[in-house]
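Accompanying notes for the structure given below.
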Amino acid sequence: MKIGEHIYKLVLLDTNAIREIVMNVQFAGKGFFETFFNNTTIYAPCFSIYNVIELTPYEDIFEKFLEFFSLIPCFVTFPAKNIFQEEYNCSISGKVFKINNQVAYALNPLATDKNSNCRNFFSAFLDNKSLMNTIHNEVEQFSSIANEWEQKRNDSVRMLNQMQSPFNIINDKFYKTQEKESIIKDLRNFGISTTSSTDTTKLPAARIMEYSQFMRIYLTKKKIRPNDVMDICISSITPYVDAVITESFQADVYKKSKNFIPQMQKLKLYTLKDIRINET
């Protein structure tokens with residue numbers, strides 16, 4: 001992606017990665033720079049507006065976030081609905097999806113526009129009460145969505161027990177039989193007018209979010225929490241970035257998705273241990 005006069009690859013950070021980088025600068029922060037800002041390739045970090053909202057209650061962490069990311073070019077992505085809508089519009093018009101101002105905002109510390117600085121951008125963003133209310137209302141729904149997913153898992157367990165069938169019959173093969181219908185249903189829930197004839201293979205953002213949701217519900221027994229829903233929404237941009245730093249479970253989701261989502265095959269996967277330099 002181009003920021004100013006330079007072309008960057010993009011590395012997506014989840015909230016834990018952001019927190020580790022800015023709070024452990026000597027090891028994770030330094031390791032992040034050594035990995036993604038070297039003589040071979042230069043990346044621009046990419047994070048979601050959801051990540052920022054999650055950090056705002058923690059004043060110390062949020063201040064360190066603003067300080068760290070105001071020094072380097074980066075991208076902030078908008079809510080998942082923006083990404084899905086733009087992706088769908090491109091698919092039906094035959095255009096190639098690109099990260100543009102409809103789905104993300106470039107932050108450039110060298111730009112003359114004051115709102116291109118990370119600190120100034122989020123200061124203005126957080127002061128926009130209408131926009132903040134919209135984001136907060138969406139985030140507040142994550143709790144009820146997590147509960148719905150928990151209930152869906154429990155209902156499936158109960159049904160399979162009654163049928164005396166093993167739970168592991170709900171696997172990747174089963175998922176693929178349900179994928180298209182599930183994607184169309186979820187996109188409609190986001191207010192996107194799809195049809196049963198929609199070619200979902202052209203919607204990798206929707207596909208990876210749907211698969212991430214499936215894996216979180218059925219392929220782990222971990223209690224589903226609101227931040228899991230947030231992480232799944234954030235995953236939607238991954239087909240359009242070059243690398244991601246995330247926790248091990250989500251990294252495994254991305255790894256498995258490469259077997260059937262072509263747009264995911266180029267994605268490089270990193271966990272926090274990959275960017276921590278030797279702490280001795």
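The values are calculated or read from the model by the stated rules, or taken from the named source; none is laboratory data. Not measured: the values here are computed from a predicted model. Every residue, glycine among them, receives a Cβ derived from its backbone with ideal geometry; neighbour counts consider all protein chains shown.
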* Determine whether Thr200 is under 20 Å from Lys98 (Cβ atoms) and without any contact (Cβ under 8 Å) to a residue 40 or more places away in the chain. => yes
* Give, as residue ranges, the helices (runs of 4 or more DSSP H) completely inside segment 180-280 that count at least 1 residues that are over 15 Å from the mean Cα position of the chain (by Cα), of a type in the set (Ser, Thr, Tyr) and surrounded by 17 or more Cβ atoms within 10 Å (Cβ to Cβ). => 204-218
* Quick one: is Ser91 in a helix (DSSP H, G or I) and without any contact (Cβ under 8 Å) to a residue 60 or more places away in the chain? -> no
* Of residues in segment 72-114 being over 21 Å from the mean Cα position of the chain (by Cα) and at pLDDT 90 or above, the one nearest to Asn137 (Cα to Cα) -> Ile92
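Let's see how each residue does on (1) polar (S, T, N, Q); (2) at pLDDT 95 or above; (3) more than 16 Å from Met230 (Cβ to Cβ):
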{"site": "Ser130", "(1), (2), (3)": "yes, no, yes"}
{"site": "Thr134", "(1), (2), (3)": "yes, no, no"}
{"site": "Glu138", "(1), (2), (3)": "no, no, no"}
{"site": "Lys152", "(1), (2), (3)": "no, no, yes"}
{"site": "Gln162", "(1), (2), (3)": "yes, no, yes"}
{"site": "Ser165", "(1), (2), (3)": "yes, no, yes"}
{"site": "Asp172", "(1), (2), (3)": "no, no, yes"}
{"site": "Thr194", "(1), (2), (3)": "yes, no, yes"}
* Collect the residues in segment 101-124 that are free of Cβ contacts under 8 Å to residues at least 40 places away in the same chain, part of a helix (DSSP H, G or I) and in contact with a Leu (Cβ under 8 Å, 6 or more places away or on another chain), keeping them in residue-number order. => Ser116
* Asked: On the given criteria, is Thr40 closer than 27 Å to Lys273 by Cβ, among the β-branched types (Val, Ile, Thr) and more than 20 Å from the chain's Cα centre (by Cα)?
  -> yes
* So is Glu20 under 23 Å from Ala251 (Cβ atoms), of a type in the set (Asp, Glu), buried (at least 20 other Cβ atoms within 10 Å of the Cβ) and touching a Leu at 6+ places or on another chain (Cβ under 9 Å) or not? -> yes
* Flag if Ile61 is within 16 Å of Ile245 (Cβ to Cβ), assigned to a helix (DSSP H, G or I) and hydrophobic (A, V, I, L, M, F, W, C) -> no
* Output the residues belonging to segment 1-17 that are more than 13 Å from the chain's Cα centre (by Cα) and modelled with pLDDT of 90 or more. => Lys9
* To do: Output the number of residues of segment 229-271 satisfying the condition of being hydrophobic (A, V, I, L, M, F, W, C) and closer than 17 Å to Tyr8 by Cβ.
  => 6
